[in-house]
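Written out below as C-alpha cells is the structure these notes cover.
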Amino acid sequence: MPDILSQNQIDDLLKRMQGGNKAEAVPEEPAVKVKEYDFTSPKKFTKDQLNSLNNLYETFSRVISSYFTSIVRDICEVSVVQIEEQRYHEFSNALPDNTLVAMVDFRPVEQHYDETVIMLEFAQSFGYLLIERLMGAMGDVYIPDRDYTDIELAVLHSMIDRVTVYLRDAWNNYFAVETGLRSIETNGRMIQAFAPQDVVVIITLEITCGNYSCTSNICMPSENLDAVIASFSNKYAMSTKQQDPGKEKARKDLVLDYIKQSDLLVEAVLDQCEMTFGEVIALQVNDVISLNKPIDSEICVTVDGIPWYNARLGESKTKKAVRLVEAIAN
C-alpha cells in the first residue's frame, strides 16, 4: 500500500464515512454445548436409573428427617442434593480425616444378588450435635478437639442402627433387602471398603437443623446395583400403568364399604367449665353445676374429638336428642 493516497482513494473513504457504510460484522456462531465424556471411565448407569434411585432416597430422606427432628428437638430437614457415579478413590480422597462413617451390610433377599456394603458418611459435628441434644443440651453445636469416647460411640451406634432400619424400609418399597450395621469408623481415609478403581454411586444429602447445616454421603458400589435398579425400575413402571376403570371403581367401592363399617365416637359437648380441685372433691350427688351458656344455645358435636357440627338440644320420643344445625368447616 502506497504511503500517499490518491484523490480517488480519499474521495472513496469520505463517501464511506458519510454514508455510514461499515464493514459487515461476521455473525458469531452460537456456542455449542459440549458435554465431556471420559472413555477411560465409561458411565454404567443411565439417567432413568439414577432418577429411580433418587426417588428411593427422597423417601428415605423424609423418614430420617422426622427421626432426627425427634432427637435434636428442633426442625431437621434432610434432602437429596445430587446423585452421581465416580471412582471410589475420588470419593475416599475427598473425605476429611475426622468424620463418621457407618459400614452397613446390604443383603438382597433374592439369592442371585451378592451381598455388599454401603457406607453412610456423616460430618463429625453432626455426630456431636446428636449426642448433645440426646443428652438434653441446647444451643450452638460444640465440637471438642478430640475423638469420640467409647460411650459416645455406643450412643451413635444405637442411633445409626435405627437409620439402617429406615434405609431397609425405603429399599423394601422397591426391592426386598436386609440391612445391618456392621461397624462405625471415625477416620474416612483409613477405610478401604472397595478397590480404588471401583465404580460407586454417591448420594449426597443436605442436613439442616436450625442454624446448623452439613452434608452427608451414601456410597454404594456398582456391583449388582445396575441390575437391582433395573429390576425395581421395571416393576415400578408396570405398577404405574393405568388400571382398568371398572376394576379401579370396584376397588374403591370395596375400600369405602370397609370404611363405612368403622366405629367413630360421636359426642355432644354442652359446655366446658373450670373448677378448682377442692370444688371437685366437694361435689355431691344432686349438686348443680352452672354452665356459661343458655339452655337454648347451640352446642358442639365432635367426631373422635374433632369439632364437626353445631347442634341444638331437644327431645325425640321422650329421649334427649340433638338436632344438627350446620357443619363446621375443618
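The values are calculated or read from the model by the stated rules, or taken from the named source; none is laboratory data. Note that the coordinates shown come from a computational prediction; the quantities given were computed from them, not determined experimentally. Note that we place each Cβ from the backbone using ideal geometry, even for glycine, and neighbour counts take in every protein chain shown.
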Members of segment 169-192 found to be of a type outside the set (S, T, N, Q) and under 25 Å from Arg146 (Cα atoms), listed by number:
Leu181, Arg182, Ile184, Glu185, Gly188, Arg189, Met190, Ile191
Test: residue in segment 202-224 that is assigned to a loop (DSSP other than H, G, I, E, B) and not polar (S, T, N, Q)
yes
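When only residues in segment 254-284 that are charged (D, E, K, R) and surrounded by fewer than 10 Cβ atoms within 10 Å (Cβ to Cβ) count, which is farthest from the chain's Cα centre (by Cα)?
Going through segment 254-284, the residues charged (D, E, K, R) turn out to be 257, 260, 263, 267, 271, 274, 279.
After this cut, where a residue has to be surrounded by fewer than 10 Cβ atoms within 10 Å (Cβ to Cβ) as well, the list is 257, 260, 263, 274.
Numbers: Asp257: 34, Lys260: 34, Asp263: 34, Glu274: 44 Å.
That would be Glu274.
Quick one: which of Phe91, Phe126, Phe106 is surrounded by 16 or more Cβ atoms within 10 Å (Cβ to Cβ) and assigned to a strand (DSSP E or B)?
Details: Phe91 fails: assigned to a strand (DSSP E or B); Phe126 fails: assigned to a strand (DSSP E or B).
Only one candidate passes the filter, namely Phe106.
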Scan segment 129-143 for residues that are assigned to a helix (DSSP H, G or I) and either among the aliphatic types (A, V, I, L, M) or in contact with a Gly (Cβ under 8 Å, 6 or more places away or on another chain) (or both) and jot them down.
Leu129, Leu130, Ile131, Leu134
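Yes/no per residue for (1) modelled with pLDDT under 90; (2) outside the structural domain of Glu223 (by TED's automatic domain parsing); (3) surrounded by fewer than 16 Cβ atoms within 10 Å (Cβ to Cβ):
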position: Asn51; (1), (2), (3): yes, no, yes
position: Ser65; (1), (2), (3): no, no, no
position: Cys76; (1), (2), (3): no, no, no
position: Arg87; (1), (2), (3): yes, no, no
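Please enumerate the residues belonging to segment 247-281 that are among the small types (Gly, Ala, Ser) and more than 30 Å from Ala321 (Cα to Cα).
Ala250, Gly278
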In this structure, does Asp114 turn out to be closer than 19 Å to Ala195 by Cα and part of a loop (DSSP other than H, G, I, E, B)?
yes
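Within segment 159-191, restricting attention to residues that are of a type in the set (S, T, N, Q) and in contact (Cβ under 8 Å) with a residue 40 or more places away in the chain, which residue is surrounded by the fewest Cβ atoms within 10 Å (Cβ to Cβ)? Give the steps one after another, and end with the answer.
Step one: of segment 159-191, the residues of a type in the set (S, T, N, Q) are 164, 172-173, 179, 183, 186-187.
Still in the running and in contact (Cβ under 8 Å) with a residue 40 or more places away in the chain: 164, 173, 179, 183, 186-187.
Values: Thr164: 20, Asn173: 13, Thr179: 21, Ser183: 11, Thr186: 16, Asn187: 14.
Of everything passing the filter in segment 159-191, Ser183 is surrounded by the fewest Cβ atoms within 10 Å (Cβ to Cβ).
Confirm whether Tyr142 is among the hydroxyl-bearing types (Ser, Thr, Tyr), buried (at least 19 other Cβ atoms within 10 Å of the Cβ) and either farther than 18 Å from Ser222 by Cβ or under 23 Å from the mean Cα position of the chain (by Cα) (or both).
Working: among the hydroxyl-bearing types (Ser, Thr, Tyr): yes; buried (at least 19 other Cβ atoms within 10 Å of the Cβ): no; either farther than 18 Å from Ser222 by Cβ or under 23 Å from the mean Cα position of the chain (by Cα) (or both): yes.
So Tyr142 does not fit the description; no.
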Would you tally the residues in segment 59-102 being of a type in the set (A, V, I, L, M, F, W, C) and over 25 Å from Met135 (Cα atoms)?
7
Return yes when Arg168 is outside any loop (DSSP other than H, G, I, E, B), within 22 Å of Met103 (Cβ to Cβ) and charged (D, E, K, R) and no when it is not.
yes
Of all the residues that make up segment 192-211, how many are touching a helix residue (DSSP H, G or I) at 6+ places or on another chain (Cβ under 7 Å) and closer than 21 Å to Gln82 by Cβ?
9
Residue pairs, Cβ under 7 Å, 6 or more apart or interchain, first in segment 62-85 and within 23 Å of Lys47 (Cβ to Cβ), second assigned to a helix (DSSP H, G or I) and aromatic (Phe, Trp, Tyr). List them.
Val80/Tyr57
Single condition Gln197 does not satisfy, out of (1) in a loop (DSSP other than H, G, I, E, B); (2) at pLDDT 85 or above; (3) within 24 Å of Asp147 (Cα to Cα); (4) not β-branched (Val, Ile, Thr):
(3)
